[in-house]
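As structure tokens, the structure follows; a few thoughts come after it.
Only the coordinates and a few stated rules stand behind these numbers; no lab work does. Nothing here was measured: the structure is a model prediction, and the numbers come from that model. For neighbour counting, all protein chains shown are included, and Cβ atoms are generated from backbone atoms with ideal geometry for every residue, glycine included.
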There are 2 protein chains.
Amino acid sequence: MSERIRFRFAVNVMPKPGILDPQGRAVEGSLVHLGVEGVSEIRVGRRVELAVEAASEAGARATVERLAGELLANPLIEVFAIELLGAVAPASVGTASAAPASAGG
Amino acid sequence: MSERIRFRFAVNVMPKPGILDPQGRAVEGSLVHLGVEGVSEIRVGRRVELAVEAASEAGARATVERLAGELLANPLIEVFAIELLGAVAPASVGTASAAPASAGG
């Protein structure tokens, strides 16, 4: 019996350099109203956090790579980066979902 | 004359635990079609990358905190986390924008 570990990943999906980013322009347009200065190069993308159960980190990462390339990002106009957030041993998997995500303010 | 440094930050904005996340549910619904197993707890948020020119990291971070709390995230339903991506000394600021963002695939 192979032990399965629960890995938590984040996939950061950003518009490719040179690709138009209307959301980023909209945020830049709002800076004036807020009176914020010195901020530039705003790019708005997506962040997807997920859990993967697998026997190894390599196996879990392969699943995330596939998901990112086929479902979460559009490779024509976006780039993605995968971030390992943590791993939970099988014994504590049951309680892991009760803990809040690490992306606290 | 105070030297100004260009800092690059990311702001990760995620739905609060317990808040409905229809985009996350939509991604989970697509997993079956892809034949992907073992993936759960999908949450979809935003990632905003930006540059801030300031005299110190503390000053730059204060600007990003304000932007995140007042413009980028809705504190009622979202949490945000700020990530320092890097800092560029003034002499090389001119060439910094030519370098692609660190979020490469």
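If you plug the beta carbon distance of residue A:20 and residue B:20 into 1/(1 + (r/R0)^6) with R0 = 35 Å, you get a FRET efficiency near 0.70. The rotation axis bringing chain B onto chain A passes closest to the chain B residue reported with its distance as B:47, 2, by C-beta distance in whole Å.
Taking the label point 7 Å along Cα→Cβ, residue B:32 and its counterparts in the other copies are spaced 5.0 nm apart, in ascending order. Inter-copy label distances at residue B:82, using a point 7 Å along Cα-to-Cβ, come to 3.1 nm with the shortest given first. Given labels modelled 7 Å from the Cα in the Cβ direction, how far is it in nm from residue B:65 to residue B:85? It is 2.2 nm.
Once backbone amide H atoms are built at 1.01 Å from N, residue B:16 has B:78, B:79 as its partners under 5 Å, excluding neighbours fewer than 5 places away on the same chain.
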